[in-house]
1. Being touching a Lys or Arg at 6+ places or on another chain (Cβ under 6 Å) and touching a residue at least 12 places away in the same chain (Cβ under 8 Å) narrows it down to one of THR95, THR106, so name that one.
2. Would you mind telling me which numbered condition in (1) free of Cβ contacts under 8 Å to residues at least 40 places away in the same chain; (2) in contact with a Ser or Thr (Cβ under 9 Å, 6 or more places away or on another chain) ALA185 fails?
3. Taking the range 118-165, which residues are among the aromatic types (Phe, Trp, Tyr) and farther than 19 Å from ASP32 by Cα?
4. Give me the residue from the range 139-169 that is assigned to a loop (DSSP other than H, G, I, E, B) and open to solvent by less than 70 Å² (accessible area, probe 1.4 Å) and, out of that set, nearest to ILE103 (Cα to Cα).
5. Test LYS105 against the stated conditions and say whether it is open to solvent by 50 Å² or more (accessible area, probe 1.4 Å), part of a helix (DSSP H, G or I) and not hydrophobic (A, V, I, L, M, F, W, C).
6. As an exercise: evaluate SER184 against (1) exposed (fewer than 14 other Cβ atoms within 10 Å of the Cβ); (2) under 16 Å from the mean Cα position of the chain (by Cα) and give the number of the one condition it does not meet.
7. Any idea which residue in the range 3-23 is farthest from the chain's Cα centre (by Cα), counting only those that are aromatic (Phe, Trp, Tyr) and closer than 22 Å to ILE178 by Cα?
8. Can you tell me which residue within the range 110-138, out of those that are open to solvent by 10 Å² or more (accessible area, probe 1.4 Å) and of a type in the set (Val, Ile, Thr), is farthest from SER168 (Cα to Cα)?
Amino acid sequence: MKVANAFYQVASLFFQVPVLAVALIIVLIQFDVLQFKYFPWVIVTLLHLSLLPLLYGAFVYKTKRISNADITERKERVIPFFVITLVYGVYLFVTIMFDAPTIFKTLAVHYFILALILSIMTVFWKVSVHVAGVTQVVVLLSILISSWVFFISPLIIFVGWMRIKMKSHDIWQVFGGILVALVSAFVAAKIDLL
């Protein structure tokens, strides 16, 4: 049982949204969607979608503004979620103001919309951000690479099951994470930033 719990804890770290952003960028580079000429934008993207949220998360944890790294208490999530939404909003603003290549505007709008919806929802209801993040990555890969990447969609089920086994969420919070990510992807896809 201890081995399983340790595995869930390590896997849970990997499936945090900022870590998933790094994985997404790596996959997009591997599939030649992001090329070397975009290197400065890759750095800006990693800064806003990964490094700053991770540093902020470490700060609120170390200063005891949250009771644990997963922020299991819904009320503790509200301010951190809105701060991270603000960081994503700055990234969206930067991609628009400096006319970033379309792929970065796409990432910016998708991350911002998901964070905004999650932040608003968190005021009323706790959903699984891990599941929402994995769902978002699957949707983005299917948009940016090909629909065949839906073969990785069992990751969504795995992460949801893992979060339930860890007693971090119930089944409805897992379904809520999936639904929020799908709705945010639909909304983000309707926004034309070109």
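1. That would be THR95, the only listed residue that is touching a Lys or Arg at 6+ places or on another chain (Cβ under 6 Å) and touching a residue at least 12 places away in the same chain (Cβ under 8 Å).
2. In the conditions (1) free of Cβ contacts under 8 Å to residues at least 40 places away in the same chain; (2) in contact with a Ser or Thr (Cβ under 9 Å, 6 or more places away or on another chain), ALA185 misses (1) alone.
3. PHE124, TRP125, PHE151, PHE158, TRP161 - these are the residues of the range 118-165 that are among the aromatic types (Phe, Trp, Tyr) and farther than 19 Å from ASP32 by Cα.
4. ILE145
5. no
6. (1)
7. Across the range 3-23, the extreme among qualifying residues is TYR8.
8. ILE113
The values are calculated or read from the model by the stated rules, or taken from the named source; none is laboratory data. What you are looking at is a predicted structure, and each value in this text was computed from that prediction instead of being measured. Methodologically, a virtual Cβ is constructed for each residue, glycine included, from the backbone with ideal geometry; neighbour enumeration extends over all protein chains shown. Surface areas here come from the heavy atoms of the whole protein model, side chains and all, with no ligands, DNA or RNA. Shrake-Rupley method; radii C 1.70, N 1.55, O 1.52, S 1.80 Å.
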